[in-house]
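Take a look at the structure set out below.
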Amino acid sequence: MSTVVLNGRELSQTLLEEQKEQVAELVRKKGRPPGLAVVLVGQDPASETYVRNKRAACKKVGIHAPDINLDPDVSREKLLGLIDDLNRDPAIDGILVQLPLPAGLDKDAVLFRIDPSKDVDGFHPVNVGKMVIGLDTLTPCTPTGILTLLDRNGVSISGKHAVVLGRSLIVGKPMALLLLSRDATVTVCHSRTARLQEETRRADIVVAAMGKPRMVNADYIKPGAVVIDVGISRGEDGKLVGDVDYPSVFPLASAITPVPGGVGPMTIATLLDNTIRAFCFREGLPLQPPRKHT
Ligand code: NDP
């Protein structure tokens, strides 16, 4: 059986090209580009890298993305005041506060202060609720990007048995809901799941989002399964490593994402897409294409 490599790096470049054209069209229509405020608090090296990549991608497609960098000891009042200013700023359509925040700052207080219509991470309870109900809304970037990766590679979801490893609010739970909305039969596993391998071996689609390097090996996979690796950890050699043991799983899978170059780049492309969607929503333009959630 030949295995399809789901190349997120390549697809994300295609998406960025498409977004560049969309942004140019929006500027012609409305006289301004979409705006995304990426807020970085402190100097966490990994966060600095993520933020730099997000801002660079915005620049590439013409999205207005001012640098907003705050000291690690910024007060809660000052940070919430900044969010209020961004909520009111007509040039800003999306607000992203890079996580994790320095100790002492209440993540939920900050995230829940963001105007839901500008919540391009899709973490605000209003957007989570809309996703659960089945309304077209801003949905979390990583699981939404995974659906795009599957769709653009012609991997069908409807009727498939999907097993999601992980139940975080950022990846696992929204992934399960979005797969359900696309008519998959979904099992969600976590650290207390008994007989994990029995669950995954029944899956047509496995999404691994645990942060456990190379844990998912050939023993977890049914021949022909589609394997999506969300995990990002640093190996002892400093290289990035996923949750999937790629060499042993590759020969079994019908399709698989590499790490790096799979899910990661799709997350950034989806952030830009969410910013464009937020712009359209705020400017009264139709959302293209609508996202179906049942
Ligand atoms: P969290 O730590 O918030 O959640 C991890 C989840 O995995 C939890 O639900 C946990 O279960 C579950 N888990 C942990 N160990 C096991 C185990 N042995 N068996 C089964 N389930 C287990 O992580 P995130 O969801 O934020 O991220 C997961 C991974 O994805 C990380 O490596 C992260 O770096 C990466 N990531 C990658 C992104 C990308 O763009 N590629 C974006 C976001 C994250 P329990 O709830 O019981 O504790």
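Among the residues of the range 206-220, write down those that are in contact with an Asp or Glu (Cβ under 6 Å, 6 or more places away or on another chain), in a strand (DSSP E or B) and either open to solvent by 20 Å² or more (accessible area, probe 1.4 Å) or among the β-branched types (Val, Ile, Thr) (or both).
Taking the range 206-220 as the starting set, the residues that turn out to be in contact with an Asp or Glu (Cβ under 6 Å, 6 or more places away or on another chain) are 208, 210, 212, 214-217.
Okay, now just the ones that are also in a strand (DSSP E or B), so 208, 216.
Scanning the range 206-220 gives a single hit, VAL216.
Kindly provide the set of residues from the range 177-194 that are open to solvent by 10 Å² or more (accessible area, probe 1.4 Å), more than 11 Å from the ligand (Cβ to nearest atom) and either out of contact with any Leu (no Cβ under 8 Å at 6 or more places or on another chain) or without any contact (Cβ under 8 Å) to a residue 40 or more places away in the chain (or both), ordered by number. First the steps, then the outcome.
Filtering the range 177-194 down to residues open to solvent by 10 Å² or more (accessible area, probe 1.4 Å) leaves 177, 180, 182-183, 185-188, 190-194.
Those still in the list that are more than 11 Å from the ligand (Cβ to nearest atom) too: 177, 180, 182-183, 185-187.
Matches in the range 177-194: LEU177, LEU180, ASP183, THR185, VAL186, THR187.
Quickly run through the range 22-53 and pick out the residues that are in a helix (DSSP H, G or I), closer than 19 Å to ALA91 by Cα and in contact (Cβ under 8 Å) with a residue 12 or more places away in the chain. Let's see the steps before the verdict.
Narrowing the range 22-53 to residues in a helix (DSSP H, G or I): 22-30, 45-53.
Subset that is closer than 19 Å to ALA91 by Cα: 22-30.
Scanning the range 22-53 gives GLN22, VAL23, ALA24, LEU26, VAL27, LYS29, LYS30.
Residues to consider are PRO265, PRO258, PRO223; find the one that is within 24 Å of ARG9 (Cα to Cα) and surrounded by fewer than 22 Cβ atoms within 10 Å (Cβ to Cβ).
On the way: PRO265 fails: surrounded by fewer than 22 Cβ atoms within 10 Å (Cβ to Cβ); PRO223 fails: within 24 Å of ARG9 (Cα to Cα).
Sole residue among the options that is within 24 Å of ARG9 (Cα to Cα) and surrounded by fewer than 22 Cβ atoms within 10 Å (Cβ to Cβ): PRO258.
Looking at the structure I just gave you, is GLY122 in a helix (DSSP H, G or I), closer than 23 Å to LEU96 by Cα and open to solvent by less than 40 Å² (accessible area, probe 1.4 Å)? Full working, then the answer.
Working: in a helix (DSSP H, G or I): no; closer than 23 Å to LEU96 by Cα: yes; open to solvent by less than 40 Å² (accessible area, probe 1.4 Å): yes.
In short, no.
Is the range 128-135 home to any residue that is in contact with a helix residue (DSSP H, G or I) (Cβ under 8 Å, 6 or more places away or on another chain), open to solvent by 60 Å² or more (accessible area, probe 1.4 Å) and touching a residue at least 12 places away in the same chain (Cβ under 8 Å)?
Here is the first cut: in the range 128-135, the residues in contact with a helix residue (DSSP H, G or I) (Cβ under 8 Å, 6 or more places away or on another chain) are 128, 131-132, 134.
Next cut, open to solvent by 60 Å² or more (accessible area, probe 1.4 Å) only: 132.
Those still in the list that are touching a residue at least 12 places away in the same chain (Cβ under 8 Å) too: 132.
So far as the range 128-135 goes, yes, one or more of its residues are in contact with a helix residue (DSSP H, G or I) (Cβ under 8 Å, 6 or more places away or on another chain), open to solvent by 60 Å² or more (accessible area, probe 1.4 Å) and touching a residue at least 12 places away in the same chain (Cβ under 8 Å).
Looking only at the range 123-167, which residues are among the charged types (D, E, K, R) and either on the phi > 0 side of the Ramachandran plot or within 11 Å of the ligand (Cβ to nearest atom) (or both)? Step through it out loud before you land on a result.
Here is the first cut: in the range 123-167, the residues among the charged types (D, E, K, R) are 130, 136, 151-152, 160, 167.
Within the range 123-167, just ARG167 meets the criteria.
The values are calculated or read from the model by the stated rules, or taken from the named source; none is laboratory data. None of the values given here were measured: they were computed from a predicted structure. Every residue, glycine among them, receives a Cβ derived from its backbone with ideal geometry; neighbour counts consider all protein chains shown. Keep in mind that these areas ignore ligands, DNA and RNA; they rest on the heavy atoms of the full protein, side chains included. Shrake-Rupley method; radii C 1.70, N 1.55, O 1.52, S 1.80 Å.
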